[in-house]
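Novice: Before we start, here is the structure in question, set down as structure tokens.
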Amino acid sequence: MSVFQFNVLLRNDSILKKHGIKNIDFGYFILFGINLGVIILFGVFNSYLESGVIDSGRFDISDFKNGFVIFFIMAVMVFPFFEEFIHRSFVSKRENISWSIIAVMIYFFLLTDFSFHRILVFLSYIFFLLSIFFSSKLYQNKIFLLLFSSLFFAIFHIFKFEDLHSFHLSNLLLSLFPQFFTGFILFFVHSRYGFFAGVLHHGLINGVLLIIIYTTILLFEQEMSASLIAD
């Protein structure tokens, strides 16, 4: 099968369209590759800078390894759907804005830490959703939707950082840029290929990154064991 034939097959697959995934082509996989590459690049770059934004104290390696299967399922299947519904379900259907507001409020009340910056972020995002709900002009401005949906998608990931005020703004922005870029890419995925294509993209990104992290931990532990035996 030639590349052209495979591309046509993807675009005309009735099973994909039945599940709200429309016109899949090689552009979808190109966007996925670019997205994954940028995340890995900035992850490596940020680790070399040792910005300290990611709190290693909250990342327990043993818990991660022991609960990897459950964590993988949640990160690949559950979280992507929930996050995409909150941040981008309204890209193609304006009526989904009200559901996004409800989902955000549920997410907020599920939190155990109601710090000032979290409350501020949630209120700001609800204000953004209300603004595009009541203003057709703002909703039709795709650049406005693209920038602010991507920005809030990145800001929401601040929640996994502790002592936010203690970090330099430049380091924080560097750590959040991959999330903003992912939101940027996912907006185009939703616009061109549909909601569930965005969920699939998000889940695949999470899955590949988790496998890379898990493999890296195993290799590092093997190297450490080998060095101790050698000593």
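Novice: I need the full set of residues from the range 85-112 which are in a loop (DSSP other than H, G, I, E, B) and over 19 Å from the mean Cα position of the chain (by Cα), in order please.
Specialist: 93, 112 - these are the residues of the range 85-112 that are in a loop (DSSP other than H, G, I, E, B) and over 19 Å from the mean Cα position of the chain (by Cα).
Novice: Which of (1) at pLDDT below 60; (2) under 19 Å from the mean Cα position of the chain (by Cα) is the odd one out, the single condition residue 34 does not satisfy?
Specialist: With (1) at pLDDT below 60; (2) under 19 Å from the mean Cα position of the chain (by Cα) applied to residue 34, the lone miss is (1).
Novice: Next up: For the range 103-122, give me each residue that is within 22 Å of residue 146 (Cα to Cα) and exposed (fewer than 12 other Cβ atoms within 10 Å of the Cβ).
Specialist: 120
Novice: Do we have any residue at all in the range 58-75 that's of a type in the set (Val, Ile, Thr), more than 18 Å from residue 203 (Cα to Cα) and modelled with pLDDT of 80 or more?
Specialist: Checking the range 58-75: not a single residue is of a type in the set (Val, Ile, Thr), more than 18 Å from residue 203 (Cα to Cα) and modelled with pLDDT of 80 or more.
Novice: Within the range 66-84, restricting attention to residues that are surrounded by 17 or more Cβ atoms within 10 Å (Cβ to Cβ) and not hydrophobic (A, V, I, L, M, F, W, C), which residue is farthest from residue 101 (Cα to Cα)?
Specialist: Among those residues, the one meeting the criterion is 80.
Novice: Would you call residue 133 farther than 29 Å from residue 210 by Cα, in contact with a Ser or Thr (Cβ under 9 Å, 6 or more places away or on another chain) and assigned to a helix (DSSP H, G or I)?
Specialist: yes
Novice: Go through the range 130-153 and count every residue that is small (Gly, Ala, Ser) and surrounded by fewer than 16 Cβ atoms within 10 Å (Cβ to Cβ).
Specialist: Initially, the range 130-153 is screened for residues small (Gly, Ala, Ser), giving 131, 135-136, 149-150.
Of the ones still in play, those that are also surrounded by fewer than 16 Cβ atoms within 10 Å (Cβ to Cβ) are 131, 135-136.
Final tally of qualifying residues: 3.
Novice: If only one of 144, 81 is within 24 Å of residue 194 (Cα to Cα), within 16 Å of the chain's Cα centre (by Cα) and assigned to a helix (DSSP H, G or I), which one is it?
Specialist: 81
The values are calculated or read from the model by the stated rules, or taken from the named source; none is laboratory data. The structure presented is a predicted model; accordingly, all values stated were derived computationally and were not measured. For neighbour counting, all protein chains shown are included, and Cβ atoms are generated from backbone atoms with ideal geometry for every residue, glycine included.
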